[in-house]
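**Q** Let me give you the structure first, and then I'll get to my questions.
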Amino acid sequence: MSQQPVQNPQPGRRRGPSPNAQPGRRRPLRERLAHPTAPRLTPKTKTRLGWAAAALAVIALAIAILVAIWDWNWFRGPLERAASARLHREVTIAGDLNVDLWSWRPSATVDDISIANPAWAGTGKMGSIARLTIRVRLVPLLWGKLDTRVLAVDRPDFRLLADAEGRRNWDFSDGRVQPPADFPPIQHFVIRDGRLSYIDARRDVRFQGAINARENLGEKNRGFELLGRGTINGAAFRAEVTGGPLLNIERSKPYPFDVDLRAGDTYITARGAVPRPFDMGAFHMDATMRGPDMAALFPLIGVALPNTPPYSLRGRLERDGFVWKVGNLSGRVGDSDLSGDVSVTTGRERPLLKADLRSRSLDFDDLGAIFGAAPKVGPGETASPEQVAIARTMVARQRIFSDAPLDVTRMRAMDADVSYRALSIRDTPIRLSAASVRVKLDNGLLRAEPVRLDLPQGRIEGQLALNARGAVPATELDLRLSNARLEWLIPTAFQGGPVVAGGLVGRARLSGSGNTLHKTFGGANGQVTVVAPGGEIRESIAELMGVNVIKGLGLLKKKDTTELRCAVANFTTTDGVMTAESIVLDTGPVVVTGKGSINLDTERMDFRVRGHDKKFRLVRVLLPVTMKGPLMAPKLGVEPGAAIAQGGGAVALGSFLSPLAAILPFIDPGLAKDANCGALVGEARAAGAPVRTGVSKPLTAKR
């Protein structure tokens, strides 16, 4: 169907609605403007439109001018002040600041950044960066999420310093404990020609290293690489830390790394990963370490460990916030095995070390290194060259107590709660079967309680306290020997049987001061007592102890025994000299009495004992027996020309045994009721000796 052409309306004539218009439908703009009823622009409207157009023109011109003259360096001052406030030290930007905002991936570049030292570290720089470049994604940034595409650091140079008081110039906190760093993943991370120096006055560490982070660093395709050399306590130190490629890192994909450290003869190697790059508060690694002495690990790990023989250990190290854990620890220390679990909690005034350790088989001489001595150095023994030198010196000087100084600063640098048990012990000076101890260290005050050494029958147990809070360490110990057997502690056989058999108890309570074991015991004070409350002794030995030479020689081939009623040796210790005013051994045929001393400073002894027959003998020779010389090699002899004529009649035991009434309760009040020693105490009491009851107080651990 054809349409008729529309004729133009006549001028000045109102035209009605278009015949093509549909009800409810808006007319086209051309028709509305041509229709006589369309609104007209009034002069006022035209004026407003003119002003709006002028304003837009001015804004456009201003933007054009601003773009032409814009300089991002205007923001260097505010940026410096913000960074200085955040880092709590002066930050300066001497170079240009450039920003590209007109992109879906805006970027910024800052040149010549300097970070000053805190006031206590001097006026020098802590670090500088020649150029810092960062590029992020815009859309995630609008939602408060930082998605870093590129982070490039050119020629960073940082000089890290830790002083003797433990202050660190890289500590940017305001005194509050800060959680471990949690950096967002970076898709492309680059460090070019970095330099790092580190000086730690407390640990005596000096280190110079080079840092690079880029792709394809050789055949191993490393992404991060820190290589450095320096010294630790004067010994050469080398560090190599490498990481995987630093391209397209994802939060859900663990980032691998390797560590290889060598400090003198100490080696540490590890292979680990950061599960959520780069949350440094959570990572793990399987590590191995070996070296001549675990105490040498302090500069590397910051944890004070005791001196040990050479060691080789492995375990899985994990970090969870402020807690570092070593699980499945296993290996050897000296000639002993060691296993267990260890944790160190940081973020405190002092790190807290907790450990539960055990040994299936402990070589007893390995414990000597803990106290500054040395393990055995014979064939098949494990010792470092330094420990071999110490052992030879001590043997040459015939010394038991070491002169190696105790490093009290390390004891004050951490707290500890460590439990240790040995299921079996070998190569002991006395027959020990097992041992256990719990050690607590609190701000330089060390307490070992309880200490327990198991014998085949009986045990040694007690406590030890070492106070290193003052200028001179103070030591106290209180050890008891209970339910022991003489035949186990004196296993020497004679004519197919033990020389002596019976019970044995004792107690040592000593205190001393000094930064070496030798000084501590060389000036110690206290009391040491040993009691054999009953048993048997070879009759021939008993006769010879009374130096009844003729009778004793006649019995040497016989296995007859005689009663050992009671034996007591009591030492009062003053300024390192243990003086025994009452040594008593009561056997069937003979009573032996004597006195003597042990000088713990010179480590020499001087004893003199004399036997007394309990009945008249027609022929006898009574000579005082002497024991003199170094503790490690005393000599037994008699005093020539000191034979004593027989006086006739038995000895009055009360005159010799009166001190027992005061001695036995120090060991155990129950000994006063013992069938054998109790009878002697009764004689002593009849002679007017005081009887002391009760037990002494626990260690005071003086502060």
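The values are calculated or read from the model by the stated rules, or taken from the named source; none is laboratory data. Predicted, not measured: the structure shown is a model, and the values here were computed from it. Don't worry about glycine lacking a Cβ; one is built from the backbone with ideal geometry, like all the others, and counts go over all protein chains shown.
**Q** Between P309, P299, P277, which is crowded, with 18+ Cβ neighbours inside 10 Å, part of a loop (DSSP other than H, G, I, E, B) and not assigned by TED's automatic domain parsing to the domain that holds A404? Step through it out loud before you land on a result.
**A** Numbers: P309 fails: not assigned by TED's automatic domain parsing to the domain that holds A404; P299 fails: part of a loop (DSSP other than H, G, I, E, B).
Criteria check complete, one pass: P277.
**Q** Answer yes or no: is there a residue in region 360-383 that is modelled with pLDDT of 75 or more, touching a Phe, Trp or Tyr at 6+ places or on another chain (Cβ under 6 Å) and surrounded by 15 or more Cβ atoms within 10 Å (Cβ to Cβ).
**A** Checking region 360-383: not a single residue is modelled with pLDDT of 75 or more, touching a Phe, Trp or Tyr at 6+ places or on another chain (Cβ under 6 Å) and surrounded by 15 or more Cβ atoms within 10 Å (Cβ to Cβ).
**Q** Test R410 against the stated conditions and say whether it is assigned to a helix (DSSP H, G or I), of a type in the set (K, R) and under 19 Å from the mean Cα position of the chain (by Cα).
**A** Numbers: assigned to a helix (DSSP H, G or I): yes; of a type in the set (K, R): yes; under 19 Å from the mean Cα position of the chain (by Cα): yes.
Yes; evaluated as a whole, the condition is true for this residue.
**Q** Kindly provide the set of residues from region 413-427 that are part of a strand (DSSP E or B) and either of a type outside the set (S, T, Y) or at pLDDT below 95 (or both), ordered by number. Give the steps one after another, and end with the answer.
**A** So in region 413-427, the residues part of a strand (DSSP E or B) come out as 415-422, 425-426.
The answer is D415, A416, D417, V418, R421, A422, I425, R426.
**Q** Another question, if that's okay. Give the residue, chosen from I583, I644, that is in the same structural domain as I537 (by TED's automatic domain parsing), in a loop (DSSP other than H, G, I, E, B) and modelled with pLDDT under 85.
**A** Values: I583 fails: in a loop (DSSP other than H, G, I, E, B).
Checking each option against the conditions leaves just I644.
**Q** So, one more: For E349, only one of the following conditions fails: (1) assigned to a loop (DSSP other than H, G, I, E, B); (2) in contact (Cβ under 8 Å) with a residue 24 or more places away in the chain. What is its number?
**A** (2)
**Q** Still on this structure: Taking into account only those residues within region 280-294 that are aliphatic (A, V, I, L, M) and crowded, with 17+ Cβ neighbours inside 10 Å, which is nearest to A369 (Cα to Cα)?
**A** Within region 280-294, the subset aliphatic (A, V, I, L, M) is 280, 282, 285, 287, 289, 294.
Checking the rest, the ones that are also crowded, with 17+ Cβ neighbours inside 10 Å come to 285, 287, 289, 294.
On the way: M285: 29, A287: 24, M289: 19, M294: 10 Å.
Ranking the qualifying residues of region 280-294, first place goes to M294.
**Q** For residues in region 445-493 being of a type in the set (V, I, T) and without any contact (Cβ under 8 Å) to a residue 40 or more places away in the chain, which is nearest to A532 (Cα to Cα)? Give the steps one after another, and end with the answer.
**A** To start, the set of residues in region 445-493 that are of a type in the set (V, I, T) comprises 451, 460, 472, 475, 490, 492.
Narrowing further to those that are without any contact (Cβ under 8 Å) to a residue 40 or more places away in the chain: 451, 460, 490, 492.
Numbers: V451: 23, I460: 15, I490: 12, T492: 17 Å.
Ranking the qualifying residues of region 445-493, first place goes to I490.
**Q** When you scan region 90-118, how many residues do you find that are modelled with pLDDT of 90 or more and either on the phi > 0 side of the Ramachandran plot or hydrophobic (A, V, I, L, M, F, W, C) (or both)?
**A** Within region 90-118, residues that are modelled with pLDDT of 90 or more and either on the phi > 0 side of the Ramachandran plot or hydrophobic (A, V, I, L, M, F, W, C) (or both) number 10.
**Q** In region 117-225, which strands (runs of 3 or more DSSP E) lie fully inside it and hold 2 or more residues that are touching a Ser or Thr at 6+ places or on another chain (Cβ under 6 Å)? Show your work before the answer.
**A** On the way: elements: 125-136, 148-154, 157-162, 186-200, 205-213.
Here the list reads 125-136, 157-162, 205-213.
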